[in-house]
Amino acid sequence: MQHIYSGRGTKSTQEEARQPQFVRAVAEDVGASSMLHGCPVVTGDNEVIGTIKHVIIDVETQRTRYVVLSPHGKRPSAEIVIPWEVLYFDSANAHLVFYTLL
């Protein structure tokens, strides 16, 4: 199942406005993203943020842009969106790590 979102803003023509920039892929339904479905995401201090629920792909470049998490903790109905570029896979612990510079 794919949900399409336009991330381009206002367009000069109707044709351009119909072309989405991002596709939200349900992780369990799409090839490589199925390996990420349910993968834990932790902070640099190993605190669990949540698990991957969806992957958002840029239609033009065919590259992963964001992951959508089901949060761990107090707000299970909320969703957290994290840019793919700030994550790396820790193969020794089988999870993705989210790093921020403080």
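Couple of notes before you dig in:
- Backbone HN-Hα couplings from phi across segment 55-71 [Karplus 6.51/-1.76/1.60, Hz, Gly and Pro as x]: 10, 10, 10, 6, 5, 5, 8, 6, 10, 5, 10, 9, 10, 10, 10, 8, x
- Close amide H pairs (under 5 Å, H built 1.01 Å from N) link Cys39 with Ile52, residues at least 5 positions away or on another chain.
- Multiplying the residue separation of Thr43 and Thr100 by 0.36 nm and subtracting their alpha-carbon distance yields 19.7 nm.
- Taking amide hydrogens as placed 1.01 Å from N in the peptide plane, the amide H of Tyr66 sits under 5 Å from those of Ile56, Trp84, each at least 5 positions away in sequence or on another chain.
- Packing-based order for 47-56, 77-86, 34-43, using average beta carbon neighbours within 10 Å, highest first: 47-56, 34-43, 77-86
FYI, it's all coordinate maths here, none of it is from the lab. Model, not experiment: these values are computed from the prediction. Ideal geometry is used to build each Cβ from the backbone, glycine not excepted, and the neighbour counts take in all protein chains shown.
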